[in-house]
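Notes for the one structure printed next.
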Amino acid sequence: MLGLAWLNSSPYFVPFRQGNEIIKKLQDDLRGYMSKVKLKNEVTTRQEHVISEKEKLNEKLKKELDENTRNLKVCAFASKAAVARPGPLAAVGITHS
C-alpha cells in the first residue's frame with residue numbers, strides 16, 4: 001500500500017494542489033469582500049438614520065419658525081392698531097408716552 005505522501009508528491013496531483021490553492025485564495029478574497037460590503041451597508045444604514053433624524057429636526061424647526069413668524073406678525077399688527085387708534089383720554093389731551 002502506498003502512503004498519502006506519495007500522492008501529494010506525485011506530479012499528477014500538482015495541478016490539483018495548485019487548483020485547490022487558487023480556490024482557497026479566491027474564497028479568502030470573497031470573505032474579505034463580503035466583510036467590506038457588510039461594513040459599507042452598516043455605514044450606509046447609519047448615515048440614512050442620521051439623515052432621517054436631521055430631516056425631522058429640520059421640519060420641526062421650520063414649523064417653529066413659521067409659527068413664530070406668524071405670532072410676530074400678529075403682534076406687530078396689534079401694536080400698529082393700538083398706536084393708530086387713540087385711547088379714550090385723547091379727547092382731553094392725555095396721550096401714551
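The values are calculated or read from the model by the stated rules, or taken from the named source; none is laboratory data. The structure presented is a predicted model; accordingly, all values stated were derived computationally and were not measured. Here Cβ is always computed from backbone atoms with ideal geometry, including for glycine, and neighbour counts include all displayed protein chains.
Screening Glu53, Glu21 for residues that are among the acidic types (Asp, Glu), part of a helix (DSSP H, G or I) and within 37 Å of the chain's Cα centre (by Cα) leaves exactly one candidate, Glu53.
Filtering region 79-93 down to residues that are surrounded by 10 or more Cβ atoms within 10 Å (Cβ to Cβ) and part of a helix (DSSP H, G or I), which residue is modelled with the highest pLDDT? Out of the qualifying residues, it is Ser79.
Going by what's in this entry, would Val14 be described as at pLDDT 90 or above and surrounded by 10 or more Cβ atoms within 10 Å (Cβ to Cβ)? I'd like the intermediate steps shown before the answer.
Details: at pLDDT 90 or above: no; surrounded by 10 or more Cβ atoms within 10 Å (Cβ to Cβ): yes.
No: the conditions fail for Val14.
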